[in-house]
Each structure stands twice: as C-alpha cells, then as structure tokens.
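> First, the structure itself, so that you have it in front of you.
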Amino acid sequence: MVGSVDVLVDDLSINRPVDLLPDDFDVSAIIKDPVPPVVADIIGKVEAQFNAGNEKREIVLGRNIHTSCLEVTEPEDDDDITGDRDAHMASVLARYRKSLTERTKYHLGYPYNLDFDYGALSQLQHFSINNLGDPFIESNYGVHSRQFEVGVLDWFARLWELEKNEYWGYITNCGTEGNLHGILVGREVLPDGILYASRESHYSIFKAARMYRMECVKIETLNSGEIDCDDFKAKLLCHQDKPAIINVNIGTTVKGAVDDLDLVIQKLEEAGFSHDRFYIHVDGALFGLMMPFVKRAPKVTFKKPIGSVSVSGHKFVGCPMPCGVQITRLEHINALSRNVEYLASRDATIMGSRNGHAPIFLWYTLNRKGYRGFQKEVQKCLRNAFYFKDRLIDAGIGAMLNELSSTVVFERPHDEEFIRKWQLACKGNIAHVVVMPNVTIQKLDEFLNELVQKRVAWFEEGKYQPYCIASDVGENSCLCALHK
C-alpha cells in the first residue's frame, strides 16, 4: 500500500516536497530493543522444495520488523506545554514519508498502480465513513458512501454484462476478500460441492478451502501457468457424484496466465455437469480489469454460466488503500444473506464494518479515466511489457511473457539485496516484473542495466550460473547453459 501515508498530511500526492530532518536526527533513539525476537534479526529461512530435481531451495523471508518497530509511549506531563511530542511525531512521519517516496522509485514486482493523485479527496479524511451492511440497503449509521459504492458496482456490472436487477456486489477490503466471498457463495449454492483450482491459483483460494472445510482438488498447469483442462476433465470424471465449484484465473499470481474460461465450461459439459451442478468464480485480481480493453482477449461476461467475478481496486485502478470489487448474481446471494436488526440492513458480506472511503476513491478514478482512459493504459502496459521481455532476451536472460499479460517472468537474480531493492516477487528459480501504468520505459531500462551489471559480477568467477527455468516456463524460454 505505497502512498497511503499521504492521508496524514494536507496533500495526498506522493510528489509533494518533503521537509527533510536534520542530519543528526537518529530514529534509532526512539526504537527500543524488542522482547525476545520471534525470529532471527537478519533473514528467516524455511526449506521448500526446489523446482527442479531433488535439490532444496530455501525460501528467503523478510526482515523481522520487531527489531525496528516504533514503540508507542505515554505522553509526559508537560508535553502539552513544550510541544516536544508533537515535534517528535512530526519528525518520525516526515522521515517515514521520505522512505516511502524512495521505496516507490524501486517498485517493480507487485501489481500496484502507483500513478495516482487523490489530493481532491483529502477534505473527506476528517470523516469516519463506514458502509457496514448491504450496499443496497441503507443502515441507521448515516456517515456512509453507499451512493458512490453502488455507482461503482453498476459500472463493473455493465463491464461484465449483468443487468442492474440481476446482480449483487460490494466493495471489498482486498482481492482476497473477493475470492473468499466468491467461493463462499459457491459453497452456499452447492453445499456439497468440491472446489477445483489450478496449482498456480492465488493462495487465498486454498485459504478459502481451509476456512470453509471444503474438499479441494488441485489441477495441473501448462508451462504458461494456465490451467491444464485435460487434467481438469480427468479429475472431474473422478468426482461426478458431487457438484463442482471452480476457480478460474484471469491472470495467475506469478506468471500472469489467463485460464481459458470457454474451455473450462466445455470440459464441465463434456464431463456431464449441467449448469445447475457447477459454480464458477472468476479471480480477476489484476487482469480482470485489463482484459475487457484488449480486442483479441476472450470475454469475461455473465452471459456465460459464471457465478461471480472479483477484481482488486488498488492494482490496475490505483488506490492508496487495498480494496476490491466483488460481483455475483442476485439469485445466489439469498442463500448467504441475513437481516440484522442492529444494522437496519442486511448482512451478506465477509466483513461487518467496511471502508467507506475506498468506494469514493474508485468512483473518482473511474469518472476521471473512463473506458477510453483505461484502454490507453492497458495498451501502454502491454507494449512496455513486450519491450522489456525482448530486452531481457537480447541480454541473454531467459524470459517469458504470456500473450494477454503484462507480467514478465525471468531468471531469479542471485542477490537477495538486489531483489529487495527492486521489490521483486520470486518463486523458485523465477522472478517477475509486473508492468503497471506507473512503470516507464526509463525505469525498465534502469532496472535491466543494473541487472546486467550484477550478472557480470555474479558469473565472472564461475561461482554462480544462470538458473535453469525450463521446468517453470518451458525450454524455449530458458537461456541457461543447457537450453540456449
């Protein structure tokens, strides 16, 4: 959630000049040593299965924040007179803002659009806006933003071709909540259904299976990361006696692969599942909002037999706080909802209290950009992603880019500090860069030039060799010594 600190100051723009602290300011002076650290100070490591062969790779975890947290302390009796505490907290926040500005410059691995300016909405930060309850039924709590929320939901319902009187939805706190809700609706509609999801589905899908105590069948994937529909059909045939609840990915987490929705439906029908015996949830976290603006992309639409779609609001749209959109068919929500007298509304959401600011941020951007604005940004991202993939290959670095994706997968760098600097997301032998609207050609060139220089140092003494990524992305995309 880069940029969110701006809600604490007058202007929400991350480009606002920063008042620097004195050179002798020591933030460590206000950080106390923690009570025994939960993990080691430097990097916690847990063993995981390597992608190839019988070797083991260690998962590298981030630093233990207990060693650098900012302690909450009680005010002194004379603080109101001296003003020392206010000055101290202002200094801490100014230093934090400077840190956020710096880290924003080196952000490439996670799908967040950091190109936004919500300064016009700073006037609303003084209000506790809460959309508790059903978006369509007003609660007795009057400080809400349902009029903005329903306007946003109508926009997405039109995008996915579902009439106003046929849909239900809400603004979630994140993409994971959208997945949890979509899978929950599927389970309520088909209580004894089995959850099917590809191995490269987002971890929240498998979290939903654990939370709801659902039987879950993992489906194999192709090298692209797309669901293997032949394996899907084979596993359906093994469980024909139970309904199917299916998660379809519109952009997998690591490789940005798009599952073939039409082929998934075809395999269900071939396996003898009528439309009333399956429920499809579409996880469109990032690409669910990009694909409608790609002419050659297959359509995600409720004209097909799907049950729900969720997307993240803080990813392609760009928002200073995590949020998302969940849309389902109105006929399904009755199985989940209950009237709550305390609210004077209906309970059909995962959370009770819901962030009322998020719908306003989404409404503001949708109105400013519109369909044409998003189409231009999608085209720009796809062009820049193809450019970056080609430059990686020209530099002798194995890389892959799925046709409908802006996620460029390549050989994992050998230096964890380099990975942390550029905030890369890694899995096994691969890493990826997600090309978002704020990622320019200049930033991609800067990253690649530094990566090429680092690789010279890594490989010059023969201590390291380029990773083989053939098992991850296929031999044609691997440029290791064995496959180039």
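> Report, by residue number, each residue of region 238-263 that is among the acidic types (Asp, Glu) and either surrounded by 21 or more Cβ atoms within 10 Å (Cβ to Cβ) or assigned to a helix (DSSP H, G or I) (or both).
ASP259, ASP262, listed by residue number.
> Turning to a different aspect of this structure: Under the condition of being of a type in the set (Val, Ile, Thr) and more than 24 Å from the chain's Cα centre (by Cα), which residue from region 136-152 is surrounded by the most Cβ atoms within 10 Å (Cβ to Cβ)?
ILE137
> What pairs can you find where one residue is in region 347-370 and touching a residue at least 40 places away in the same chain (Cβ under 8 Å), the other is in a helix (DSSP H, G or I) and open to solvent by 10 Å² or more (accessible area, probe 1.4 Å), and their Cβ atoms are less than 6 Å apart, with a gap of 6+ or different chains?
Every condition considered, the pairs that remain are ILE350/LEU180; PRO359/PHE148; ILE360/PHE148; TRP363/PHE148; TRP363/GLY151; LEU366/TRP155.
Yes/no matrix, rows are residues, columns are (1) surrounded by fewer than 24 Cβ atoms within 10 Å (Cβ to Cβ); (2) on the phi > 0 side of the Ramachandran plot; (3) among the aromatic types (Phe, Trp, Tyr); (4) assigned to a loop (DSSP other than H, G, I, E, B):
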residue	(1), (2), (3), (4)
ILE265	yes, no, no, no
GLY288	no, no, no, yes
PRO305	yes, no, no, yes
PRO322	yes, no, no, yes
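> Taking region 324-346, which residues are in a loop (DSSP other than H, G, I, E, B) and either of a type in the set (Ser, Thr, Tyr) or touching a Pro at 6+ places or on another chain (Cβ under 7 Å) (or both)?
The answer is SER337, TYR342.
> Ok, one more. From GLU177, GLU161, grab the single residue that is at pLDDT 95 or above, open to solvent by less than 30 Å² (accessible area, probe 1.4 Å) and either in a loop (DSSP other than H, G, I, E, B) or under 30 Å from CYS381 (Cα atoms) (or both).
GLU177
> To continue, here is another question. For region 415-443, enumerate the residues that are open to solvent by less than 10 Å² (accessible area, probe 1.4 Å) and among the polar types (S, T, N, Q).
The one that is open to solvent by less than 10 Å² (accessible area, probe 1.4 Å) and among the polar types (S, T, N, Q): ASN429.
Yes/no per residue for (1) open to solvent by less than 10 Å² (accessible area, probe 1.4 Å); (2) at pLDDT below 95:
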site: GLN326; (1), (2): yes, no
site: ARG329; (1), (2): no, no
site: SER337; (1), (2): no, yes
site: VAL340; (1), (2): no, yes
site: TRP363; (1), (2): no, no
site: GLY370; (1), (2): no, yes
site: LYS380; (1), (2): no, no
site: ALA385; (1), (2): yes, no
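The values are calculated or read from the model by the stated rules, or taken from the named source; none is laboratory data. The structure presented is a predicted model; accordingly, all values stated were derived computationally and were not measured. Neighbour counts are summed over all protein chains in view; Cβ atoms, including those assigned to glycine, are modelled from backbone coordinates with ideal geometry. Please note that ligands, DNA and RNA were not included when accessible areas were found on the heavy atoms of the full protein model with its side chains. Shrake-Rupley method; radii C 1.70, N 1.55, O 1.52, S 1.80 Å.
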